[in-house]
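What follows is one structure encoded as structure tokens, with my remarks underneath.
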Amino acid sequence: MTNRIPMSSPDLTAAERQAVQDVLNTPTLSMGHWILDFEKSFCDLTGAQHAVGVSSGTTGLHLCVRAAGVGAGDLVITTPFSFVASANVMLYENAVPVFVDVNPKTGNIDPYLVASAARDLVQGGKKAEKWLPRKGSGTKRVLKAILPVDVFGQPADLDPIRKVADGFHLKLIEDACEALGAEYKGKLAGTFGDYAVYAFYPNKQITTGEGGVIITNDGEAAEVMRALRNQGRAPGDTWLQHTYLGYNYRLDEMSAALGAVQMGRLNELLNKRNQVANWYTERLSEIPGVEPPVIEPFTTRMSWFVYVVRFDAKIERDALARRLEVRGIPVRPYFLPIHLQPYMVERFGYRQGDFPITENLGRRGLALPFSSVMTEEQVEAVCASVRDELTKA
Ligand SMILES: *Cc1c(COP(=O)(O)O)cnc(C)c1O
């Protein structure tokens, strides 16, 4: 193979290039009209009352944690099977992520575990203990929020999770960073949380280079988040007045212009990704020992982020991954569990075996090259290599 297939690729046209060029011909490279247009496209898509553009998905999640009033020693129920940012944002505030295990088919947080953890943590005492990490959870232990992640572009089981949040008066922060455009029972991922975040790193469904958007119907929270992203300037503050301890989490105009054009192409991009996923699934379903992604009946639209297959436990995933790399096929294990990342182990004392389903999925999953610009020939080449290496092994 001469042309190495990329792991992921943005899908850009002349319109995106022109939009960025147009920004560069103005003096306004930050906080101009493009960010407003980009934010409006999210209100139009989701029906949310407010959209706040930010510098990344991670910074967006951090602002949600701040808006939810999650502070030092507070608890947030979340998943260990995710990209680390979804749990890191709690650590930024010295809050404690309380992990619960996931559904073995989809890798999404298990709503039954969310419900029992919430009940026990609200009750406190001995019952709460079993959900907490071995160390590092402090003494305050007030459950404030639930943070589910829509993993790989498939919504979590959001109805029961929303009920738990309502029942215990908890904030629901939906990490929809992998799921722009996905639908749960006909309703868009991101519209279930008190706040939700989408992200636009170049491997996501749409890209701004770096960037993110928060959506919410909570006007007060939106105002606080707008202030925090802009160095703590509240409405009415001058450039050098700062009501809050804020951050620079702004999204610049070049990124917003790029994103606005991409948003106009969202359906096209999601349909192309769906086509590529279908090409993969057709071929991989026929290879013994390979499980294509499982789609739940409640997922009425997938918004494919990555295409992750699982191998039978007896297949040596890492050795296979190395052989595929040698053949010019980039692949990536998805995910290395969050609770086993070194700084998490050090802070909270987690061990192998604490979240067996997450660990099992983490050992068997492999993301294959995936983007909306992949051709059927490229998909065929990847699948042929997988088939070939598995028969050799
Ligand atoms: C991509 C992603 C984010 C945000 O990532 P950024 O690179 O900060 O934009 C957050 N959570 C999940 C689950 C993600 O996949």
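Some values worked out for this structure:
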item: Residue in the stretch 131-154 that is free of Cβ contacts under 8 Å to residues at least 24 places away in the same chain and among the acidic types (D, E) present; result: no
item: Count - residues of the stretch 352-377 that are open to solvent by less than 50 Å² (accessible area, probe 1.4 Å) and either closer than 30 Å to V98 by Cβ or out of contact with any helix residue (DSSP H, G or I) (no Cβ under 8 Å at 6 or more places or on another chain) (or both); result: 11
item: Residue check, T13 at pLDDT 95 or above, of a type outside the set (A, V, I, L, M, F, W, C) and in contact with a Gly (Cβ under 9 Å, 6 or more places away or on another chain); result: no
item: Cβ pairs under 9 Å, 6+ apart, first in the stretch 362-386 and part of a helix (DSSP H, G or I), second polar (S, T, N, Q); result: E376/Q275; Q378/N3
item: Subset of the stretch 134-153 that is within 23 Å of the chain's Cα centre (by Cα) and open to solvent by 10 Å² or more (accessible area, probe 1.4 Å) - its residue that is farthest from the ligand (Cβ to nearest atom); result: L143
item: Of all residues making up the stretch 51-61, the number that are open to solvent by 10 Å² or more (accessible area, probe 1.4 Å) and more than 9 Å from the ligand (Cβ to nearest atom); result: 0
item: Options M254, M263: the member that is open to solvent by 40 Å² or more (accessible area, probe 1.4 Å), within 27 Å of P10 (Cβ to Cβ) and among the aliphatic types (A, V, I, L, M); result: M254
item: In the stretch 113-158, the residues that are under 30 Å from Q205 (Cα atoms) and of a type in the set (F, W, Y); result: F152
item: In the stretch 154-169, the residues that are more than 20 Å from the chain's Cα centre (by Cα) and buried (at least 24 other Cβ atoms within 10 Å of the Cβ); result: none
item: Out of P202, P292, P297, sole residue that is more than 30 Å from A165 (Cα to Cα) and without any contact (Cβ under 8 Å) to a residue 40 or more places away in the chain; result: P292
item: Cross-chain or 6+ apart pairs with Cβ under 8 Å, the stretch 269-285 first and of a type outside the set (V, I, T), then modelled with pLDDT of 95 or more and exposed (fewer than 15 other Cβ atoms within 10 Å of the Cβ); result: W279/E376; W279/E380; R283/E380
item: Only one of F335, F348 that is among the aromatic types (F, W, Y) and open to solvent by 10 Å² or more (accessible area, probe 1.4 Å); result: F335
item: In the stretch 187-215, residue surrounded by the fewest Cβ atoms within 10 Å (Cβ to Cβ) [restricted to those that are more than 13 Å from the ligand (Cβ to nearest atom) and more than 17 Å from S86 (Cβ to Cβ)]; result: K187
item: Residue in the stretch 72-82 that is within 16 Å of the ligand (Cβ to nearest atom) and open to solvent by 40 Å² or more (accessible area, probe 1.4 Å) present; result: no
item: Enumeration of residues in the stretch 8-50 that are among the hydrophobic types (A, V, I, L, M, F, W, C), more than 30 Å from D194 (Cβ to Cβ) and open to solvent by 40 Å² or more (accessible area, probe 1.4 Å); result: L12, A14, A15, L24, L29
item: Residue count, the stretch 83-96 (criterion: more than 13 Å from the ligand (Cβ to nearest atom) and open to solvent by less than 10 Å² (accessible area, probe 1.4 Å)); result: 2
item: Residues located in the stretch 154-186, provided they are within 16 Å of the ligand (Cβ to nearest atom) and within 17 Å of R119 (Cα to Cα); result: I161, L172
item: Hits in the stretch 176-191 - residues which are under 16 Å from V213 (Cβ atoms) and in a loop (DSSP other than H, G, I, E, B); result: A176, C177, E178, A179, L180, G181, A182, A189, G190, T191
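The values are calculated or read from the model by the stated rules, or taken from the named source; none is laboratory data. These numbers were taken from a predicted model, which means no experiment stands behind them. Don't worry about glycine lacking a Cβ; one is built from the backbone with ideal geometry, like all the others, and counts go over all protein chains shown. Remember, those area values only see protein heavy atoms, side chains included, never the ligands or the DNA or RNA. Shrake-Rupley method; radii C 1.70, N 1.55, O 1.52, S 1.80 Å.
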